[in-house]
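I have placed the structure first, in the form of structure tokens, so that the comments after it can refer back to it.
The values are calculated or read from the model by the stated rules, or taken from the named source; none is laboratory data. Quantities reported herein were computed from a predicted structural model and do not represent experimental measurements. Positions of Cβ are backbone-derived with ideal geometry, glycine not excepted, and every protein chain shown enters the neighbour counts.
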Amino acid sequence: MSTEITNPGGAPLTTADRSTAVAESLKRFARIARQSDHKKGIRAYQTHIRRDPWIPTLFLALFLLPTLITAGYFYLIASDRFITEARFALRPALGNVDKVQNDETGNNSSMSKQMVAQDTLITTSYIASRQMVEAMERQMPLREMFSRDGIDYFSRFDADEPIEKFMRYWHKRVSTKVESNGGIITLYVAAFDPEESYRLARALMDESERTVNELSVRARNAALTESIRELKNAEARLHAVQRAMRDLRNRAGVLDAQAVSKNNLTVIAELRKKRIELSIQLNQSLRDLAPERRQIQDLKAQIQDLDDNIEKIERQMTSTDPEQRRLLSEAMTEFEGLENERKNALLYYNKVLAASEQARIIANRQIEFFTPVVNPVVPVSAIEPRRHLITSIVALVAMAVFGLSVLIRKYLYS
């Protein structure tokens with residue numbers, strides 16, 4: 001016996017109606033099951049809370065109290081800090097003098113860049129140094145600015161503390177940053193009054209500029225002094241070699257042994273050339289004239305005179321006297337050594353002279369300038385401490401710690 005499902009009107013249900021009815025029934029069962037699981041979860045959590053009474057204590061100690069204490073301090077107690085920002089750079093001053101000089105003199109571009117890079121690091125180090133703090137204390141009541149009663153206890157500095165501890169506090173209130181690409185120095189000054197923050201930043205820039213200029217002048221003057229001293233040494237060396245050559249000439253009895261030898265060889269060459277010309281002329285004359293003729297005899301006499309002169313000069317150059325040959329050889333050797341030393345001394349003198357001229361050019365003009373990029377201005381509002389950010393971070397960390405502690409206790413007592 002079969003049972004047929006009908007609708008309320010008595011007509012039998014179609015296949016689509018049956019599918020819709022089954023889907024609705026499944027949705028209803030799933031909804032009931034979810035509600036039942038949710039209620040069970042709530043009941044299980046409530047049961048766990050009732051079973052573990054430390055959960056509220058952990059919530060209070062790990063989340064609520066840290067968040068309230070942080071918010072209370074930063075919103076009710078913490079003093080406002082006004083930040084003054086300034087940017088400046090040390091730039092090389094390369095003028096037209098470099099364009100008119102040769103490669104050896106005045107070409108100081110690379111040296112200027114090295115000095116600018118070094119002075120940039122020197123400036124940042126000087127701002128963070130004790131000498132800068134002492135210079136600022138001579139210009140303004142520095143410790144009073146950071147130790148007034150209106151500043152909260154945790155941000156205030158005790159004026160009775162030594163300068164070593166004040167240096168740690170100084171590094172928290174004054175900082176610098178150097179851009180690696182452009183070499184721009186950014187100065188940050190934090191104070192509890194906008195006018196004081198501005199005046200301190202302005203004073204730091206002025207003192208840094210004064211120090212950089214003083215270092216630059218000192219370095220240029222030192223380089224000029226050293227170059228002048230070395231130039232005097234090179235000049236004295238050259239003069240000493242020249243005096244030694246003069247004394248040797250006077251002692252050897254000749255102006256210059258090398259010049260004498262060269263002149264003798266030149267005279268011999270000219271005499272031999274003349275003898276060859278006369279010999280050619282004699283041979284041509286013998287074809288037409290008899291040997292007894294006056295013209296032939298004169299030519300022979302001239303040739304004989306040339307031979308005698310050549311022999312005399314060669315005999316003087318190659319004297320058979322051993323002592324004379326030794327003295328001449330020693331004089332020639334000593335002249336050669338002194339001549340080489342004179343050339344080296346002259347070359348070194350020219351190089352030192354060029355370096356001295358370069359140092360003089362650098363000393364007579366400023367090779368770098370302290371250039372403000374962003375001048376300091378009086379801050380309008382305090383941007384530190386960052387109350388919202390710090391309170392939110394503390395709340396999130398406290399919430400994470402509280403959640404982790406709940407999971408640990410549930411795992412231990414489950």
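Pairing residues of region 222-233 that are over 18 Å from ALA345 (Cβ atoms) and modelled with pLDDT under 80 with residues that are surrounded by 13 or more Cβ atoms within 10 Å (Cβ to Cβ) and not β-branched (Val, Ile, Thr), at Cβ distances under 6 Å and at least 6 apart in sequence or on separate chains, gives ALA223/ALA359; LEU224/ALA359; LEU224/ALA363. Taken over region 181-207, the criterion of being aliphatic (A, V, I, L, M), farther than 15 Å from PHE146 by Cβ and not in a helix (DSSP H, G or I) is satisfied by ILE184, ILE185, LEU187. If the condition is being in contact with a strand residue (DSSP E or B) (Cβ under 6 Å, 6 or more places away or on another chain) and over 15 Å from THR123 (Cβ atoms), then region 193-218 contributes PRO194, SER197, TYR198, LEU200.
Taking the criterion of being in contact with a Pro (Cβ under 8 Å, 6 or more places away or on another chain) and farther than 26 Å from ASP149 by Cβ, the only residue of region 61-85 that qualifies is GLU85.
Among the candidates PHE370, PHE335, the residue that is modelled with pLDDT under 75, among the hydrophobic types (A, V, I, L, M, F, W, C) and touching a helix residue (DSSP H, G or I) at 6+ places or on another chain (Cβ under 9 Å) is uniquely PHE335. Residues in region 237-257 that are at pLDDT below 75 and exposed (fewer than 14 other Cβ atoms within 10 Å of the Cβ) were compared, and the one that is farthest from the chain's Cα centre (by Cα) is GLY253.
With respect to being over 21 Å from LEU62 (Cβ atoms) and aromatic (Phe, Trp, Tyr), PHE402 falls outside the description. Do the conditions hold for GLN358, that is, is it modelled with pLDDT of 80 or more, assigned to a helix (DSSP H, G or I) and surrounded by 13 or more Cβ atoms within 10 Å (Cβ to Cβ)? So GLN358 fails the test.
Quick one: would you say ARG386 is exposed (fewer than 14 other Cβ atoms within 10 Å of the Cβ), within 30 Å of ALA89 (Cβ to Cβ) and modelled with pLDDT of 75 or more? Yes, satisfied. Within region 268-291, residues that are under 14 Å from ASN309 (Cα atoms) sit with their Cβ atoms under 9 Å from residues that are assigned to a helix (DSSP H, G or I) and not hydrophobic (A, V, I, L, M, F, W, C), at 6+ positions apart or across chains, in these pairs: ILE268/ASN309; ILE268/GLU314; LEU271/ASP307; LEU271/ASN309; LYS274/GLN302; ARG275/GLN302; ARG275/ASP307. Of the helices (runs of 4 or more DSSP H) contained entirely in region 66-155, those carrying at least 1 residues that are at pLDDT 80 or above, buried (at least 16 other Cβ atoms within 10 Å of the Cβ) and not β-branched (Val, Ile, Thr) fall at 109-127, 130-139, 142-146.
If you take the residues in region 189-209 that are over 25 Å from the mean Cα position of the chain (by Cα) and among the charged types (D, E, K, R), which one is surrounded by the fewest Cβ atoms within 10 Å (Cβ to Cβ)? This residue is GLU195. For region 156-183, the tally of residues that are surrounded by 17 or more Cβ atoms within 10 Å (Cβ to Cβ), within 27 Å of ASN375 (Cβ to Cβ) and among the hydrophobic types (A, V, I, L, M, F, W, C) stands at 2.
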